Amino acid sequence: MRSLVAHGYDVLLHHGNSAAEARALADALTLAHGVRVEVVQADLQDATAAAHIVDVARQAFGRLDVVVSSASIMERRPFAEVTLADWERAEAVNLRAPFFLLQAAAQVLSDGGVFLQLADHLAHETGWSSLLPHQVTKSALTQLVRAGAEALAPRLRVNAIAPGLVLAPADFSEAAARRFLRDVPAGRTGTPDDVARAMHFLIDATYVTGVVLPVDGGRHLRR
């Protein structure tokens, strides 16, 4: 979001439960870059949230050129302890909300507009049984991106970025990070700037649609 603002975009910033932090960030970015940054609250487990977000954006700005869908839920749970509620939360936030956001945005996006989804490198890896609802819903999300790209072409483009290890979870130890990096040809973790550069490429690349772009330092080559 900071990168979009720095490139001159007016932005609608969505949050779930961080009103004070979102408002403070929006005010700081508006002051620093001279663009409009508005804020909307919505619980993505609510099936009506996606349409509400798009409607607020339309009312605020009058048009919509780019949508970046990045909200996600990732809960760690041993395989034998995964519950129906775990599945329902993951499906609602990771898969259902992006679909209805894309559906609603398609009615408002300008011709040539872009829908960009944040996916996950875990979608097509093995060995992550403690993250099963997250992994399965993210895997389905990549199919949604391809199906959406076909359904909405040629007026709109739909792409995704599948980041690798960029911001490590709080419980990710140094030893775990070293083991992870053994399978990363680039030999390092990623940065938010790595993801932002990929985002701008996919926004600007007018002949690219239906792509899930790995931004993982080459880890996908070894899986």
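The values are calculated or read from the model by the stated rules, or taken from the named source; none is laboratory data. Everything numeric in this text was worked out from a predicted model, so none of it was measured. Here Cβ is always computed from backbone atoms with ideal geometry, including for glycine, and neighbour counts include all displayed protein chains.
List of remarks:
- Considering the range 113-138, the residues that are under 27 Å from Ala153 (Cα atoms) and either in contact with a Pro (Cβ under 8 Å, 6 or more places away or on another chain) or of a type in the set (Gly, Ala, Ser) (or both) include one that is surrounded by the most Cβ atoms within 10 Å (Cβ to Cβ), namely Ala119.
- For the range 148-176, filtering for residues that are among the hydrophobic types (A, V, I, L, M, F, W, C) and exposed (fewer than 14 other Cβ atoms within 10 Å of the Cβ) leaves 8.
- If only residues of the range 47-99 that are of a type in the set (Ser, Thr, Tyr) and without any contact (Cβ under 8 Å) to a residue 60 or more places away in the chain are counted, the one that is surrounded by the most Cβ atoms within 10 Å (Cβ to Cβ) is Ser69.
- Just one of the listed residues (Val114, Val158) is β-branched (Val, Ile, Thr) and touching a Phe, Trp or Tyr at 6+ places or on another chain (Cβ under 8 Å), and it is Val158.
- Ala71, sole failed condition from (1) more than 27 Å from Asp171 (Cα to Cα); (2) modelled with pLDDT under 95: (1)
- In the range 182-200, the residues that are without any contact (Cβ under 8 Å) to a residue 12 or more places away in the chain and surrounded by 12 or more Cβ atoms within 10 Å (Cβ to Cβ): Arg197
- The range 24-46 - residue that is loosely packed, with under 15 Cβ neighbours inside 10 Å and within 19 Å of Ser69 (Cα to Cα) and, of those, nearest to the chain's Cα centre (by Cα): Asp43
- Scanning the range 111-132 for residues that are modelled with pLDDT of 95 or more and either under 19 Å from Tyr207 (Cα atoms) or part of a helix (DSSP H, G or I) (or both) returns Asp111, Gly112, Gly113, Val114, Phe115, Leu116, Gln117.
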